[in-house]
Amino acid sequence: MATAYYSRPAAANYHSPSSSSHHKERGYRLCDTCGAVETPATGRFRLCGGCMTTQYCSQDCQKSHWASHKAVCQHTSSQLSAAKQHAVSGYSDENVAKYLRKFTSTFTDLLSWAGFQALQLKRCPANVRQQALLVELSFQNSSDPMRRFAVKGTYVVPRTYVTDADALVAADIQRREDRCRRAGGIGCLVVIIQCGGVSQVMPVEVDPPSKISWDERDDWSDVLAHFVHSGRPDFKPVSTTPRGIYYG
Ligand SMILES: [Zn+2]
Ligand SMILES: [Zn+2]
């Protein structure tokens, strides 16, 4: 069975274009309990030390989440350590898993945006519950840490590709979906990043349609491949709003 684990959750288009440079460097971070967004005023969110994946605005939120998070937390860390046991064609999955995590956090904005475009969520928000974006990568063995992977292919797959394969991850996606929709959002977009036998599931909580300012782009797959190939983490989506065109 392929190793699949949860990667750090993200938020798509959280708030309309902002002049703050804060989120551009780090991506949007959401508290996994209350949904609060990390801003310079909130201070840095804390990561769960078990899975290094979920994040919290406060110790209280971390404590109250533990009972429901425990199972998926242990699952994520066991999947990560399982990756250490395998070796595939000369490089170990442990390193691939480590590099993939780094890749996902570096390219969070780009991957969220690509998933949003691939599923055409501006036009058909309901697709978020049916489909997922699968990004297949190849390992480049480059000495440049920003260019370890290249995009081999992109596929829109049924979301059951993930949810049928892993009940714990399915339950966690459902929890995010419910919370996101209660807050007026579309739901939880699923982006799968896969390289060889290792894959990551990145959940992205997507804003309500009224707040989505990203322009629709049919060339998202080329844009994705280009930024990954060039090792450029500075991707900025184009948004046309009544106040003008924004890059980022
Ligand atoms: Zn919180
Ligand atoms: Zn955890």
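The values are calculated or read from the model by the stated rules, or taken from the named source; none is laboratory data. From a predicted model like this one, the values you see are computed outputs, not experimental measurements. Quick reminder, even Gly has a Cβ in these numbers, built from the backbone with ideal geometry, and neighbours come from all protein chains shown.
Numbers for the structure displayed
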| item | result |
| --- | --- |
| Some residue of region 141-155 being farther than 26 Å from Lys98 by Cβ, surrounded by 13 or more Cβ atoms within 10 Å (Cβ to Cβ) and over 16 Å from the mean Cα position of the chain (by Cα) | no |
| Residues of region 49-74 satisfying the condition of being within 7 Å of ligand 2 (Cβ to nearest atom) and closer than 11 Å to Cys34 by Cβ | none |
| Answer from Gln85, Gln74 - the residue that is surrounded by fewer than 19 Cβ atoms within 10 Å (Cβ to Cβ), modelled with pLDDT of 85 or more and over 24 Å from Tyr155 (Cα atoms) | Gln74 |
| In region 108-124, the residues that are surrounded by 22 or more Cβ atoms within 10 Å (Cβ to Cβ), at pLDDT below 95 and not in a helix (DSSP H, G or I) | Leu121 |
| Flag for Gly50 being within 13 Å of ligand 1 (Cβ to nearest atom), modelled with pLDDT under 90, over 18 Å from the mean Cα position of the chain (by Cα) and outside any helix (DSSP H, G or I) | no |
| Selection status of Glu25, surrounded by 15 or more Cβ atoms within 10 Å (Cβ to Cβ) and either within 16 Å of ligand 2 (Cβ to nearest atom) or at pLDDT below 85 (or both) | no |
